[in-house]
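Written below as structure tokens is the structure these notes are about.
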Amino acid sequence: DVLDPDRLIQCPYNKHHRIRACRFPYHLVKCKKSYPEVAKELATCPFNARHLVPQADLSDHIMKCNDKGFIEQDIVNQSSGFQREQMNAVSMWQAPPCDEDWET
């Protein structure tokens, strides 16, 4: 189960490290400092910072990343919400009463 906080995930810096999902972000920070040479060879996925892949494989990972769909859906939801807000704001606007008479 991908939502299980106790599932074990393999560390991208050291293949012998298996870390619980709930501790994984903290482990990545610590392990990156311990393995700077490996860290130079890895790239971070733009959709999920927990995805560290070899730099040569990044474009392939981006095409197949499961988290890409969540980001794209979020963008669609935000833009459609923004358009609705704009339409409501325009349709509800009324000019304030004017007491000025420029002719006098």
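For this structure, a couple of remarks:
- Scan of the stretch 62-91 for residues that are under 26 Å from R18 (Cβ atoms) and either open to solvent by 80 Å² or more (accessible area, probe 1.4 Å) or at pLDDT 95 or above (or both), ordered by number: K64, N66, F70
- Among the conditions (1) surrounded by 14 or more Cβ atoms within 10 Å (Cβ to Cβ); (2) touching a helix residue (DSSP H, G or I) at 6+ places or on another chain (Cβ under 8 Å); (3) modelled with pLDDT under 95, the only one that N48 does not satisfy is (2).
- With respect to being touching an Asp or Glu at 6+ places or on another chain (Cβ under 8 Å) and hydrophobic (A, V, I, L, M, F, W, C), F70 falls outside the description.
- Some residue of the stretch 39-49 being among the charged types (D, E, K, R) and touching a strand residue (DSSP E or B) at 6+ places or on another chain (Cβ under 8 Å): yes
- Yes/no for K33 being at pLDDT 95 or above and either out of contact with any strand residue (DSSP E or B) (no Cβ under 9 Å at 6 or more places or on another chain) or surrounded by 10 or more Cβ atoms within 10 Å (Cβ to Cβ) (or both): yes
The values are calculated or read from the model by the stated rules, or taken from the named source; none is laboratory data. These figures come from a predicted structure and were not determined experimentally. Every residue, glycine as well, gets a Cβ built from its backbone with ideal geometry; the counts of neighbours run over all protein chains shown. What goes into the accessible areas is simple: the full protein's heavy atoms, side chains included, and nothing from ligands, DNA or RNA. Shrake-Rupley method; radii C 1.70, N 1.55, O 1.52, S 1.80 Å.
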